[in-house]
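Report on one structure; see the data block that follows.
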Amino acid sequence: MTDATSNSEICGLCGEPLSQEHSHEEDTLGVQVEYKVVKIRGILADSVAVEDPNDKHPLPARVLAANLGVDPSSLLGIQYTCLVSHDPYGTTRSNYRLTED
(Lines give C-alpha, C1' and ligand atoms only; values in the text may rest on other atoms or scores of the structure.)
Protein backbone atom coordinates (compact mmCIF):
# COMPACT_ATOMS: atom_id res chain seq x y z
CA MET A 1 0.00 0.00 0.00
CA THR A 2 1.36 3.46 -0.85
CA ASP A 3 1.51 6.39 1.52
CA ALA A 4 -0.85 9.16 0.29
CA THR A 5 1.11 11.89 2.03
CA SER A 6 4.28 11.10 0.08
CA ASN A 7 2.36 11.46 -3.23
CA SER A 8 1.25 14.96 -2.25
CA GLU A 9 4.91 16.00 -2.13
CA ILE A 10 5.50 15.03 -5.77
CA CYS A 11 4.58 17.32 -8.68
CA GLY A 12 1.79 15.75 -10.71
CA LEU A 13 3.12 17.39 -13.89
CA CYS A 14 6.80 16.45 -13.89
CA GLY A 15 7.18 13.92 -11.07
CA GLU A 16 9.83 15.99 -9.28
CA PRO A 17 9.69 16.69 -5.52
CA LEU A 18 7.77 19.84 -4.62
CA SER A 19 9.74 22.65 -2.98
CA GLN A 20 9.48 26.42 -2.71
CA GLU A 21 11.72 26.77 -5.77
CA HIS A 22 9.65 24.31 -7.83
CA SER A 23 7.66 25.97 -10.58
CA HIS A 24 6.52 25.43 -14.12
CA GLU A 25 7.18 28.55 -16.07
CA GLU A 26 5.86 28.61 -19.66
CA ASP A 27 9.28 27.74 -21.10
CA THR A 28 9.65 24.61 -18.96
CA LEU A 29 6.24 23.21 -19.85
CA GLY A 30 7.11 22.54 -23.47
CA VAL A 31 7.75 24.12 -26.82
CA GLN A 32 5.27 25.58 -29.31
CA VAL A 33 5.79 23.69 -32.57
CA GLU A 34 4.24 24.61 -35.90
CA TYR A 35 2.87 21.75 -38.01
CA LYS A 36 1.36 21.48 -41.48
CA VAL A 37 -1.15 18.80 -42.51
CA VAL A 38 0.49 17.18 -45.53
CA LYS A 39 -1.64 14.10 -46.13
CA ILE A 40 -4.95 12.51 -45.25
CA ARG A 41 -4.74 8.67 -45.00
CA GLY A 42 -8.14 7.20 -44.35
CA ILE A 43 -9.09 8.50 -40.91
CA LEU A 44 -5.60 9.86 -40.15
CA ALA A 45 -4.26 13.35 -40.79
CA ASP A 46 -0.48 13.31 -41.19
CA SER A 47 1.25 16.47 -40.00
CA VAL A 48 4.91 17.42 -40.28
CA ALA A 49 6.71 20.09 -38.26
CA VAL A 50 7.52 23.12 -40.42
CA GLU A 51 11.07 23.44 -39.04
CA ASP A 52 11.86 19.71 -38.66
CA PRO A 53 10.56 17.30 -41.35
CA ASN A 54 11.52 14.37 -39.10
CA ASP A 55 8.94 15.48 -36.50
CA LYS A 56 5.80 13.76 -37.76
CA HIS A 57 2.47 13.83 -35.96
CA PRO A 58 -0.28 11.52 -37.23
CA LEU A 59 -3.62 12.05 -35.52
CA PRO A 60 -7.20 11.00 -36.29
CA ALA A 61 -8.59 13.72 -38.58
CA ARG A 62 -11.75 14.08 -36.47
CA VAL A 63 -9.68 14.67 -33.32
CA LEU A 64 -7.38 17.22 -34.97
CA ALA A 65 -10.34 19.03 -36.56
CA ALA A 66 -12.14 19.18 -33.20
CA ASN A 67 -8.99 20.53 -31.50
CA LEU A 68 -8.68 23.24 -34.16
CA GLY A 69 -12.40 23.99 -34.48
CA VAL A 70 -12.54 23.25 -38.22
CA ASP A 71 -14.30 20.76 -40.49
CA PRO A 72 -12.28 17.55 -41.04
CA SER A 73 -12.61 17.93 -44.82
CA SER A 74 -10.66 21.21 -44.69
CA LEU A 75 -7.56 19.87 -42.88
CA LEU A 76 -5.26 19.24 -45.84
CA GLY A 77 -2.73 22.10 -46.06
CA ILE A 78 -3.74 23.71 -42.76
CA GLN A 79 -0.95 24.94 -40.47
CA TYR A 80 -1.31 24.90 -36.71
CA THR A 81 0.75 25.10 -33.56
CA CYS A 82 0.60 23.01 -30.44
CA LEU A 83 2.51 22.78 -27.19
CA VAL A 84 4.83 19.76 -27.27
CA SER A 85 6.14 18.53 -23.94
CA HIS A 86 8.11 15.47 -22.96
CA ASP A 87 6.90 13.96 -19.72
CA PRO A 88 6.95 10.63 -17.91
CA TYR A 89 4.22 9.37 -20.27
CA GLY A 90 6.10 10.15 -23.50
CA THR A 91 5.31 13.14 -25.71
CA THR A 92 2.20 15.17 -24.96
CA ARG A 93 0.70 17.67 -27.39
CA SER A 94 -1.86 20.23 -26.27
CA ASN A 95 -3.08 23.79 -26.86
CA TYR A 96 -3.79 23.36 -30.58
CA ARG A 97 -4.24 26.64 -32.49
CA LEU A 98 -4.60 27.54 -36.15
CA THR A 99 -1.83 29.72 -37.54
CA GLU A 100 -2.36 32.67 -39.84
CA ASP A 101 -1.33 32.14 -43.46
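Hey, could you check the range 26-58 for residues that are closer than 29 Å to Glu16 by Cα and among the aliphatic types (A, V, I, L, M) and say which is surrounded by the fewest Cβ atoms within 10 Å (Cβ to Cβ)?
Val31
Can you say whether Arg97 is within 12 Å of the chain's Cα centre (by Cα) and either at pLDDT 95 or above or under 14 Å from Glu34 (Cβ atoms) (or both), as far as the supplied structure shows?
yes
In the range 59-91, which residues are within 13 Å of the chain's Cα centre (by Cα) and surrounded by 14 or more Cβ atoms within 10 Å (Cβ to Cβ)?
Selection gives Leu59, Val63, Leu64, Asn67, Leu68, Tyr80, Thr81, Cys82, Leu83, Val84, Ser85.
The values are calculated or read from the model by the stated rules, or taken from the named source; none is laboratory data. Given the structure is predicted, the values throughout are model-derived calculations rather than measurements. So basically every Cβ, Gly included, is an ideal-geometry build from the backbone, and we count neighbours across all protein chains shown.
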